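> The structure is given below, and queries will be raised subsequently.
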Amino acid sequence: MLLLQFDLVSGAVRAVDTGSPQLFRRRDDHTERIELEAQLPLGMFEETLYAEQTFQVEPGDRLIAVSTGVHGTRSAAGDLFGERALRQILGATRSAPPHERARSVVAGLIEHYGSKDLMSDAAVVCLDWVGRRD
(Lines give C-alpha, C1' and ligand atoms only; values in the text may rest on other atoms or scores of the structure.)
Protein backbone atom coordinates (compact mmCIF):
# COMPACT_ATOMS: atom_id res chain seq x y z
CA MET A 1 0.00 0.00 0.00
CA LEU A 2 1.16 3.51 -0.76
CA LEU A 3 -0.26 6.36 1.32
CA LEU A 4 -0.05 9.86 -0.16
CA GLN A 5 -1.27 13.14 1.34
CA PHE A 6 -1.19 16.22 -0.89
CA ASP A 7 -0.96 19.83 0.26
CA LEU A 8 -3.23 21.53 -2.27
CA VAL A 9 -1.52 24.92 -1.92
CA SER A 10 2.18 24.04 -1.92
CA GLY A 11 2.20 20.73 -3.84
CA ALA A 12 4.12 19.05 -1.00
CA VAL A 13 3.37 15.34 -0.79
CA ARG A 14 3.75 13.29 2.37
CA ALA A 15 4.22 9.62 1.55
CA VAL A 16 4.41 6.31 3.38
CA ASP A 17 5.34 3.12 1.51
CA THR A 18 3.82 0.22 3.45
CA GLY A 19 4.69 -2.54 1.03
CA SER A 20 6.49 -2.71 -2.25
CA PRO A 21 4.93 -0.39 -4.84
CA GLN A 22 7.06 1.78 -7.09
CA LEU A 23 6.21 5.42 -7.72
CA PHE A 24 7.24 7.42 -10.78
CA ARG A 25 6.87 11.13 -11.57
CA ARG A 26 6.68 12.34 -15.15
CA ARG A 27 7.63 16.02 -15.44
CA ASP A 28 8.00 17.60 -18.86
CA ASP A 29 9.90 14.97 -20.89
CA HIS A 30 11.58 13.27 -17.94
CA THR A 31 10.43 10.25 -15.93
CA GLU A 32 12.00 9.67 -12.54
CA ARG A 33 11.43 7.12 -9.85
CA ILE A 34 10.47 8.58 -6.48
CA GLU A 35 12.55 6.54 -4.06
CA LEU A 36 10.58 5.74 -0.93
CA GLU A 37 11.75 3.63 1.98
CA ALA A 38 9.76 0.39 2.06
CA GLN A 39 8.27 -0.12 5.50
CA LEU A 40 6.30 -2.95 7.09
CA PRO A 41 2.94 -3.72 5.44
CA LEU A 42 0.08 -1.70 6.88
CA GLY A 43 -1.61 -3.57 9.74
CA MET A 44 1.05 -6.26 10.05
CA PHE A 45 1.91 -5.23 13.60
CA GLU A 46 -0.44 -3.02 15.57
CA GLU A 47 2.32 -0.96 17.22
CA THR A 48 4.25 -0.18 14.03
CA LEU A 49 5.29 3.45 13.66
CA TYR A 50 5.60 4.65 10.09
CA ALA A 51 7.96 7.39 8.94
CA GLU A 52 6.69 9.88 6.39
CA GLN A 53 8.83 11.00 3.50
CA THR A 54 8.17 14.09 1.42
CA PHE A 55 8.52 15.12 -2.18
CA GLN A 56 7.14 17.91 -4.33
CA VAL A 57 4.72 17.96 -7.25
CA GLU A 58 4.21 20.83 -9.66
CA PRO A 59 1.26 21.58 -11.94
CA GLY A 60 1.57 19.33 -15.00
CA ASP A 61 3.28 16.48 -13.12
CA ARG A 62 1.94 12.97 -13.57
CA LEU A 63 2.38 10.34 -10.85
CA ILE A 64 2.27 6.65 -11.70
CA ALA A 65 2.21 4.01 -8.95
CA VAL A 66 2.65 0.34 -9.82
CA SER A 67 2.36 -2.74 -7.63
CA THR A 68 4.82 -5.60 -7.32
CA GLY A 69 2.57 -7.54 -9.69
CA VAL A 70 3.66 -5.06 -12.36
CA HIS A 71 7.31 -4.27 -11.70
CA GLY A 72 8.13 -7.76 -10.37
CA THR A 73 6.58 -9.86 -13.15
CA ARG A 74 8.88 -12.10 -15.16
CA SER A 75 8.38 -13.36 -18.71
CA ALA A 76 8.45 -17.06 -19.61
CA ALA A 77 12.16 -16.57 -20.31
CA GLY A 78 12.66 -15.15 -16.81
CA ASP A 79 13.13 -11.52 -17.83
CA LEU A 80 11.89 -8.99 -15.30
CA PHE A 81 9.33 -6.47 -16.58
CA GLY A 82 11.08 -3.87 -14.43
CA GLU A 83 11.79 -0.18 -14.54
CA ARG A 84 13.26 -0.07 -18.06
CA ALA A 85 10.08 -1.40 -19.65
CA LEU A 86 7.96 0.89 -17.50
CA ARG A 87 9.98 3.94 -18.54
CA GLN A 88 9.61 3.02 -22.22
CA ILE A 89 5.83 2.73 -21.92
CA LEU A 90 5.54 5.92 -19.86
CA GLY A 91 7.61 7.84 -22.40
CA ALA A 92 5.64 6.50 -25.35
CA THR A 93 2.29 7.40 -23.77
CA ARG A 94 3.20 10.79 -22.28
CA SER A 95 0.34 12.64 -23.97
CA ALA A 96 -2.30 9.99 -23.22
CA PRO A 97 -4.91 10.66 -20.52
CA PRO A 98 -4.22 8.97 -17.15
CA HIS A 99 -6.61 6.05 -17.67
CA GLU A 100 -5.11 5.27 -21.09
CA ARG A 101 -1.60 5.39 -19.70
CA ALA A 102 -2.56 2.89 -16.97
CA ARG A 103 -4.10 0.63 -19.63
CA SER A 104 -0.92 0.88 -21.71
CA VAL A 105 1.21 -0.26 -18.77
CA VAL A 106 -1.06 -3.26 -18.20
CA ALA A 107 -1.07 -4.09 -21.94
CA GLY A 108 2.74 -3.94 -21.98
CA LEU A 109 2.87 -6.18 -18.93
CA ILE A 110 0.57 -8.75 -20.52
CA GLU A 111 2.64 -8.70 -23.70
CA HIS A 112 5.84 -9.16 -21.66
CA TYR A 113 4.34 -12.02 -19.64
CA GLY A 114 2.80 -13.67 -22.71
CA SER A 115 -0.66 -14.16 -21.23
CA LYS A 116 -3.55 -12.36 -19.57
CA ASP A 117 -3.37 -14.94 -16.77
CA LEU A 118 -0.87 -13.10 -14.59
CA MET A 119 0.54 -14.82 -11.50
CA SER A 120 0.00 -11.74 -9.28
CA ASP A 121 -2.43 -8.85 -9.09
CA ALA A 122 -1.28 -5.95 -11.22
CA ALA A 123 -2.30 -2.49 -10.01
CA VAL A 124 -1.51 0.76 -11.83
CA VAL A 125 -2.65 4.16 -10.61
CA CYS A 126 -2.02 7.27 -12.69
CA LEU A 127 -2.68 10.78 -11.35
CA ASP A 128 -2.26 14.13 -13.06
CA TRP A 129 -1.44 16.97 -10.67
CA VAL A 130 -2.91 20.29 -11.78
CA GLY A 131 -2.53 22.15 -8.50
CA ARG A 132 -5.18 24.10 -6.72
CA ARG A 133 -7.73 25.87 -8.85
CA ASP A 134 -9.27 28.88 -7.11
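> Out of everything in region 7-29 that is outside any loop (DSSP other than H, G, I, E, B) and of a type in the set (Val, Ile, Thr), what residue ends up being surrounded by the fewest Cβ atoms within 10 Å (Cβ to Cβ)?
Step by step, filter region 7-29, then rank; the result is Val16.
> Name the pairs: first residue in region 122-134 and closer than 14 Å to Arg27 by Cα and free of Cβ contacts under 8 Å to residues at least 12 places away in the same chain, second residue among the hydroxyl-bearing types (Ser, Thr, Tyr) and open to solvent by 90 Å² or more (accessible area, probe 1.4 Å), Cβ to Cβ under 9 Å, at least 6 apart or on different chains?
Filtered contacts from region 122-134: no entries.
> Can you confirm whether region 105-128 contains a residue that is charged (D, E, K, R) and under 22 Å from Asp7 (Cβ atoms)?
yes
> Collect the residues in region 30-42 that are open to solvent by less than 100 Å² (accessible area, probe 1.4 Å), farther than 25 Å from Arg94 by Cβ and part of a loop (DSSP other than H, G, I, E, B), keeping them in residue-number order.
Once the filter is applied, which keeps residues that are open to solvent by less than 100 Å² (accessible area, probe 1.4 Å), farther than 25 Å from Arg94 by Cβ and part of a loop (DSSP other than H, G, I, E, B), region 30-42 yields Gln39, Leu40, Pro41, Leu42.
> To continue, here is another question. Open to solvent by 60 Å² or more (accessible area, probe 1.4 Å), more than 25 Å from Arg133 (Cα to Cα) and not hydroxyl-bearing (Ser, Thr, Tyr), is that true of Phe45?
When the stated conditions are applied, Phe45 passes them.
> So, one more: Would you check which residues across region 106-122 are surrounded by 17 or more Cβ atoms within 10 Å (Cβ to Cβ) and either hydrophobic (A, V, I, L, M, F, W, C) or touching a Gly at 6+ places or on another chain (Cβ under 8 Å) (or both) and list them?
Val106, Leu109, Ala122
> Which condition does Ala65 not pass, out of (1) under 19 Å from Ala107 (Cβ atoms); (2) part of a loop (DSSP other than H, G, I, E, B); (3) open to solvent by less than 30 Å² (accessible area, probe 1.4 Å), if it passes all the others?
Of everything listed in (1) under 19 Å from Ala107 (Cβ atoms); (2) part of a loop (DSSP other than H, G, I, E, B); (3) open to solvent by less than 30 Å² (accessible area, probe 1.4 Å), Ala65 misses just condition (2).
> Give me the residue from region 68-105 that is among the polar types (S, T, N, Q) and open to solvent by 30 Å² or more (accessible area, probe 1.4 Å) and, out of that set, nearest to Arg27 (Cα to Cα).
Ser95
The values are calculated or read from the model by the stated rules, or taken from the named source; none is laboratory data. Because the structure is predicted, anything quoted here is derived from the model rather than measured. Cβ sites come from the backbone with ideal geometry, for glycine too, and all protein chains shown count toward neighbours. Heavy atoms of the whole protein, side chains included, go into the accessibility calculation; ligands, DNA and RNA do not. Shrake-Rupley method; radii C 1.70, N 1.55, O 1.52, S 1.80 Å.
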